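K.L.:
Could you have a look at this structure, given as structure tokens, before my questions?
The values are calculated or read from the model by the stated rules, or taken from the named source; none is laboratory data. All values reported here derive from a predicted model rather than from experimental measurement. Glycine gets a Cβ as well: all are built from the backbone with ideal geometry, and neighbour counts include every protein chain shown.
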Amino acid sequence: MASFPLHFLITFLLSLLLPTLIYSSPVQDPELVVQQVQRSINNASRIRRNLAYLSCGTGNPIDDCWRCDPNWEKNRQKLADCAIGFGRNAVGGRDGKIYVVTDSSDEDAVNPKPGTLRYAVVQDEPLWIIFARDMVIKLKEELIMNSFKTIDGRGASVHIAGGPCITVQYVTNIIIHGLNIHDCKQGGNANVRSSPSHYGWRTISDGDGVSIFGGSHVWVDHCSLSNCADGLIDAIHGSTAITISNNYMTHHDKVMLLGHSDTYTQDKAMQVTIAFNHFGEGLVQRMPRCRHGYFHVVNNDYTHWEMYAIGGSADPTINSQGNRFAAPDDRFSKEVTKHEDAPESDWKNWNWRSEGDLLINGAFFTASGAGASSSYAKASSLSARPSSLVGTITTSAGALNCRKGSHC
């Protein structure tokens with residue numbers, strides 16, 4: 001093997017020890033955020049060129065932050081330093097102990113057994129939750145998470161399926177990574193514990209895969225989601241500082257709702273980044289459907305929709321950059337966008353833009369609003385890569401097959 005320049009090696013080691021992404025309060029200076037994230041992407045690309053023999057680099061800044069490490073299993077909590085976008089401050093259980101789920105049962109939603117997932121997520125202290133082996137967990141009721149928790153499915157095949165699924169309600173700093181979440185059902189009309197000191201009566205739930213209700217600093221990454229009763233990922237009631245990244249979504253109607261209702265104006269502060277996801281076969285609409293807030297849709301691969309891909313109402317700001325949109329063959333469903341619940345005289349003023357998107361098979365994006373770049377500052381969270389790279393960036397979307405002792 002050719003000799004390897006020492007300064008390249010030092011650069012690589014420093015990149016592992018000193019994460020280059022920034023962690024500040026949510027988007028006080030969006031342009032600074034974009035510049036800093038762009039530097040991290042450029043740095044990852046430079047290191048990848050210098051260390052070509054590693055071959056695990058993809059140009060996906062989240063994955064290139066941690067997946068090249070063959071000892072990822074011993075450095076699990078480093079993942080928390082790899083987030084980007086509006087949810088980049090979500091530390092989850094980074095500063096707590098690792099908790100190993102050994103029991104896949106969920107027999108009692110009020111008094112969960114130690115060793116179960118429910119027991120772990122309701123604790124008060126920060127926890128990084130992992131799984132002892134492959135598991136299918138059929139929850140009896142919604143899994144109501146407490147703050148500062150990471151659910152990390154890497155190293156096992158973990159399915160949350162067949163019952164109610166995950167609820168992030170009025171809590172903060174949540175990371176959900178590497179899970180298969182599917183066939184989620186409604187729950188409720190039951191008592192459910194939310195912390196060691198509290199349980200309460202729950203009304204009927206919607207049946208979302210992940211329901212974020214008044215939550216903040218939330219990051220959902222590398223999950224595979226499909227076929228739930230309502231949404232795959234919904235964020236409502238003042239939720240903000242959210243990143244939804246590297247997920248693979250299939251076989252579902254109303255994929256993602258961001259914003260509670262047209263009259264719920266507290267969602268005007270909502271900021272969500274949707275990046276590097278693959279919206280795949282069997283999807284119909286709402287990828288996402290937005291209300292009121294600020295939404296950065298960047299470098300996603302849209303390979304299937306039946307009605308539309310991106311929709312919204314109540315004057316949301318939608319910044320679509322570097323995505324690949326492949327329209328269905330149905331000539332009546334070529335439009336990417338849907339301006340909902342308003343006449344054109346109203347929606348023509350909503351700030352929706354397409355910048356650098358790749359539109360295939362007759363796909364077209366109906367832009368609206370003034371179009372001034374300043375109007376998109378609050379909907380900018382990272383710098384988009386060229387849409388020609390979307391296939392490479394999203395090729396590993398969904399739950400990964402990570403095995404101990406090798407690159408993930």
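K.L.:
Taking only pairs six or more apart or across chains, which ones have beta-carbon atoms under 6 Å, a first residue in region 310-338 that is touching a residue at least 40 places away in the same chain (Cβ under 8 Å), and a second residue that is among the aliphatic types (A, V, I, L, M) and not in a loop (DSSP other than H, G, I, E, B)?
P.N.:
Thr317/Ala379; Asn319/Ala379; Ser320/Val297; Gln321/Val298; Gly322/Val298; Arg324/Leu358; Arg324/Val390; Phe325/Leu359
K.L.:
What number of residues within region 168-223 satisfy the criterion of being outside any loop (DSSP other than H, G, I, E, B) and of a type in the set (D, E, K, R)?
P.N.:
Within region 168-223, residues that are outside any loop (DSSP other than H, G, I, E, B) and of a type in the set (D, E, K, R) number 3.
K.L.:
Right, another one. Report whether or not Ser194 is polar (S, T, N, Q), farther than 30 Å from Pro70 by Cβ and surrounded by fewer than 24 Cβ atoms within 10 Å (Cβ to Cβ).
P.N.:
Yes; evaluated as a whole, the condition is true for this residue.
K.L.:
Report whether or not Lys78 is over 30 Å from Ile318 (Cα atoms) and part of a loop (DSSP other than H, G, I, E, B).
P.N.:
Against the criterion (over 30 Å from Ile318 (Cα atoms) and part of a loop (DSSP other than H, G, I, E, B)), Lys78 does not qualify.
K.L.:
For Asp95, only one of the following conditions fails: (1) in a helix (DSSP H, G or I); (2) in contact with a Pro (Cβ under 7 Å, 6 or more places away or on another chain); (3) not aromatic (Phe, Trp, Tyr). What is its number?
P.N.:
(1)
K.L.:
What are the pairs with Cβ atoms under 8 angstrom where one residue, in region 177-188, is closer than 30 Å to Glu73 by Cβ and not assigned by TED's automatic domain parsing to the domain that holds Gly209 and the other, located anywhere, is hydrophobic (A, V, I, L, M, F, W, C) and assigned to a strand (DSSP E or B)? Sequence gap at least six, or different chains.
P.N.:
Hits for this filter: zero, empty list.
K.L.:
Among the residues of region 141-160, are any assigned to a strand (DSSP E or B), modelled with pLDDT of 95 or more and surrounded by fewer than 24 Cβ atoms within 10 Å (Cβ to Cβ)?
P.N.:
yes
K.L.:
Having 1 or more residues that are of a type outside the set (A, V, I, L, M) and either at pLDDT 95 or above or in contact with a Pro (Cβ under 8 Å, 6 or more places away or on another chain) (or both) is the bar; report the strands (runs of 3 or more DSSP E) wholly within region 239-343 that clear it.
P.N.:
240-245, 248-250, 252-254, 271-275, 283-285, 289-291, 294-298, 310-313, 317-321, 324-326, 337-339
This table checks each residue for (1) at negative phi; (2) loosely packed, with under 15 Cβ neighbours inside 10 Å; (3) not polar (S, T, N, Q).
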residue: Asn323; (1), (2), (3): yes, no, no
residue: Ser354; (1), (2), (3): yes, no, no
residue: Ile360; (1), (2), (3): yes, yes, yes
residue: Ser388; (1), (2), (3): yes, yes, no
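K.L.:
Of (1) in contact (Cβ under 8 Å) with a residue 60 or more places away in the chain; (2) within 21 Å of Val218 (Cβ to Cβ), Lys149 satisfies all except one. Which?
P.N.:
So the condition that Lys149 fails would be (1).
K.L.:
OK, next. Filter region 98-124 down to the residues that are touching a strand residue (DSSP E or B) at 6+ places or on another chain (Cβ under 7 Å), of a type in the set (D, E, K, R) and part of a loop (DSSP other than H, G, I, E, B) and list them by number.
P.N.:
Passing the criteria: Asp106, Lys113, Asp124.
K.L.:
Only one of these is buried (at least 24 other Cβ atoms within 10 Å of the Cβ) and touching a Lys or Arg at 6+ places or on another chain (Cβ under 8 Å): Gly178, Gly163, Gly207. Name it.
P.N.:
The match here is Gly178.
K.L.:
Checking the conditions here, which among Lys404, Lys378 is part of a helix (DSSP H, G or I), among the basic types (Lys, Arg) and on the phi < 0 side of the Ramachandran plot?
P.N.:
Lys378
K.L.:
With respect to Ile204, determine if the residue is aliphatic (A, V, I, L, M), more than 22 Å from Tyr119 (Cβ to Cβ) and assigned by TED's automatic domain parsing to the domain that holds Tyr119.
P.N.:
Spelling it out, Ile204 is indeed aliphatic (A, V, I, L, M), more than 22 Å from Tyr119 (Cβ to Cβ) and assigned by TED's automatic domain parsing to the domain that holds Tyr119.
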